[in-house]
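Working notes, structure below.
The values are calculated or read from the model by the stated rules, or taken from the named source; none is laboratory data. What you are looking at is a predicted structure, and each value in this text was computed from that prediction instead of being measured. Methodologically, a virtual Cβ is constructed for each residue, glycine included, from the backbone with ideal geometry; neighbour enumeration extends over all protein chains shown.
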Amino acid sequence: MLVVKYFMLFLVLVACTLIGRFLSKKYVYRLNELEEMKNALNVFEAKIKFTYEPIPQIFQEMAENISKNISNIFINAKDKMQNQNAGIAWEEALDESNTNLTKEDKQVLKSLSKLLGQTDIEGQTSQIEITQKFLETQIKEAEEEKRKNEKLYSKLGTTIGLAIVIILA
């Protein structure tokens, strides 16, 4: 019976540690997604300037070359552009996305929708550049949060697990 008790306490400790690590990884994933979105916007800007392809086609090509979470935004926006304009489709795709981006991050990316598909190439590229500058600020903030909170949540999970084990032992 004592073996079962210690085994259960060990499982509690492992579970708490894993939960802490899971929570700490959200900061890493957010930073990666922001950097990937910034790179995607660089590609988007270049394609608008030099290829003159329609936005849905550009979004499809971009979605094939980036990670799953971010590519889902571009695919969803491309699909929505069949029924509505590019700006509204982009905003809805961001709202429906299942990413680690915060509301602030999404608001920054929604600023892109103001001129998307509604102005000439120069207007769209200038809006992309503005969005990229705001995104750089979000990336710096995400790096700071990651630096502060990644270790904190990882160690906090283990500490809480140990506290529970001590109390129950």
Exactly one condition in (1) surrounded by 19 or more Cβ atoms within 10 Å (Cβ to Cβ); (2) modelled with pLDDT under 85; (3) not in a helix (DSSP H, G or I) is not met by LEU101; state its number. (2)
If we keep just the residues of the range 40-68 that are in contact (Cβ under 8 Å) with a residue 40 or more places away in the chain and in contact with a Ser or Thr (Cβ under 8 Å, 6 or more places away or on another chain), which is nearest to ALA93 (Cα to Cα)? LEU41
What number of residues within the range 108-140 satisfy the criterion of being closer than 22 Å to MET81 by Cβ, of a type in the set (Val, Ile, Thr), in a helix (DSSP H, G or I) and free of Cβ contacts under 8 Å to residues at least 60 places away in the same chain? 2
Check on LYS5, out of contact with any Ser or Thr (no Cβ under 8 Å at 6 or more places or on another chain), closer than 26 Å to TYR153 by Cβ and surrounded by fewer than 17 Cβ atoms within 10 Å (Cβ to Cβ): no
Take the residues of the range 67-94 that are modelled with pLDDT of 85 or more and under 12 Å from the mean Cα position of the chain (by Cα): which is nearest to TYR27 (Cα to Cα)? ILE70
